Amino acid sequence: MDILPTSTAASSAAQITHRLALYDMDRTITKTGTYSGFLLFVARRRQPWRLALLPVVALAGLAYCLKLLDRSALKAVNLRLLVGKKFRRADIGPLAEQYADHVVRHGLHDAALAQIAKDQAAGYRVVLATASFRLYVDAIARRLGIQDVLATELEDWDAGEHVHARLRGDNCYGDAKFARITQWLAANQIVRENTHIRAYSDHVSDHPMLGFADEAVATTPSRALREMAPLHGWQVVDWRAAKAPRHGMNIQQNASEGTGEKPD
C-alpha cells in the first residue's frame, strides 16, 4: 500500500530531523482485539478455574455499559478476575511470550506488516501506541522489530517481581494516549516542527493522534472513523482485504522456540 500525503507539513523537508510512524495495535495491526484474548489465554493455561468467573466478567461489562465503571476500572477488574489480584512476573512472562507467538502467527494483518516494513525501510522510527497491557505488548513488539512502545502500565511496587491488577497511570487510550505520545516526544528531545509523522489507527478514539500527524491513515476503520476521515483528508484503507507477503517483515521468533476489544 502506498501512503499518500494527507496534509502539508509545517516545516520544509530541509528542516526534518526525525521521521516517526505511530501505530495503534488492536484492530490496526491485529485482526481483533488482544486484551480479552490475553486474559483468557492466561486463565486457561494457568488457573482454568478462573473461567468460572466469566459471568462476573460479563456483569463488569454490563456495569461499564451502564457507566458504573470507567474503562480503566473495567480493565483492572477483568485482570483481577481472570489472572489474579497479584501475580509473579516470572509466572506470567512465559505465557505472554506464548500469547505473542500466537498473535503473530494467526492474528496480524499482512498489509499492516508490509506497511511497517516500508516505513522502517524509509527511515521512520516506528512507535507502537496502544491501550493494551505492556505486560504482553512488549513481546509482540519485539517480534515485529519495534523498539518503542507506549502501552497501559500495571503497578509493580516490589522491584517488578510482582504485578498488581491495578493500572499505573491512565489507560493509554484516546486523549491519554496522545498525552503519552507528546510526553515521549519531549523525553526523546524530538521537536514536532522538525518531525514528519505518520499515524495509523482503526478507531475514532485515536483522532487526537491522527490529527497530530502529517499523514494520517484510517486502517480498516470503525464506522465513526470512516465517516470522520474524509472531513480531515485522512486516507482510508482496508487491510482486511489486502494480502501482502510477509517476506518484507522480519518477524522475530521467540528464542525458546527457535528450533522447532476495541475499544481497549
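So for the stretch 88-100 (the condition being modelled with pLDDT of 95 or more, charged (D, E, K, R) and surrounded by 15 or more Cβ atoms within 10 Å (Cβ to Cβ)), does at least one residue qualify?
Scanning the stretch 88-100, I find at least one residue that is modelled with pLDDT of 95 or more, charged (D, E, K, R) and surrounded by 15 or more Cβ atoms within 10 Å (Cβ to Cβ), so the answer is yes.
Within the stretch 111-135, how many residues turn out to be under 19 Å from Thr182 (Cβ atoms) and of a type in the set (A, V, I, L, M)?
5
From (1) farther than 22 Å from Arg89 by Cα; (2) part of a helix (DSSP H, G or I); (3) hydrophobic (A, V, I, L, M, F, W, C), pick out the condition that doesn't hold for Val127.
Only one criterion in (1) farther than 22 Å from Arg89 by Cα; (2) part of a helix (DSSP H, G or I); (3) hydrophobic (A, V, I, L, M, F, W, C) is unmet by Val127, namely (2).
Considering only strands (runs of 3 or more DSSP E) fully contained in the stretch 141-233, which possess at least 2 residues that are under 15 Å from the mean Cα position of the chain (by Cα) and of a type in the set (Asp, Glu)?
148-154
Got a number for residues in the stretch 64-79 being over 21 Å from Ala176 (Cβ atoms) and surrounded by 11 or more Cβ atoms within 10 Å (Cβ to Cβ)?
Residues meeting the conditions: 0.
How many residues does the stretch 157-190 contain that are on the phi < 0 side of the Ramachandran plot, aliphatic (A, V, I, L, M) and loosely packed, with under 13 Cβ neighbours inside 10 Å?
Of the residues in the stretch 157-190, 2 are on the phi < 0 side of the Ramachandran plot, aliphatic (A, V, I, L, M) and loosely packed, with under 13 Cβ neighbours inside 10 Å.
Considering each residue of the stretch 81-108, count those that are farther than 17 Å from Arg142 by Cα and outside any helix (DSSP H, G or I), and give that number.
Number satisfying all stated conditions: 6.
State all residues of the stretch 33-53 that are over 16 Å from Phe133 (Cβ atoms) and out of contact with any helix residue (DSSP H, G or I) (no Cβ under 8 Å at 6 or more places or on another chain); if no residue qualifies, say none.
Within the stretch 33-53, Gln47, Pro48, Trp49, Ala52 meet the criteria.
Residues of the stretch 122-180 being within 23 Å of Lys86 (Cα to Cα) and aromatic (Phe, Trp, Tyr), which ones?
Phe133, Tyr136, Trp157
In the set Ile197, Ile140, Ile146, Ile181, which member is out of contact with any helix residue (DSSP H, G or I) (no Cβ under 7 Å at 6 or more places or on another chain) and of a type in the set (Val, Ile, Thr)?
Result: Ile146 is the single residue among Ile197, Ile140, Ile146, Ile181 that is out of contact with any helix residue (DSSP H, G or I) (no Cβ under 7 Å at 6 or more places or on another chain) and of a type in the set (Val, Ile, Thr).
Here's the yes/no breakdown for (1) of a type in the set (D, E, K, R); (2) over 30 Å from Ala112 (Cβ atoms); (3) exposed (fewer than 15 other Cβ atoms within 10 Å of the Cβ); (4) under 18 Å from the mean Cα position of the chain (by Cα):
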site	(1), (2), (3), (4)
Leu22	no, no, no, yes
Gly33	no, no, no, yes
Phe38	no, no, no, yes
Arg50	yes, yes, no, no
Val83	no, no, no, no
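Answer with yes or no whether Leu128 is under 19 Å from Phe212 (Cα atoms) and under 16 Å from the mean Cα position of the chain (by Cα).
Answer is yes for this residue.
The values are calculated or read from the model by the stated rules, or taken from the named source; none is laboratory data. All values derive from a computational prediction rather than experimental measurement. Note that we place each Cβ from the backbone using ideal geometry, even for glycine, and neighbour counts take in every protein chain shown.
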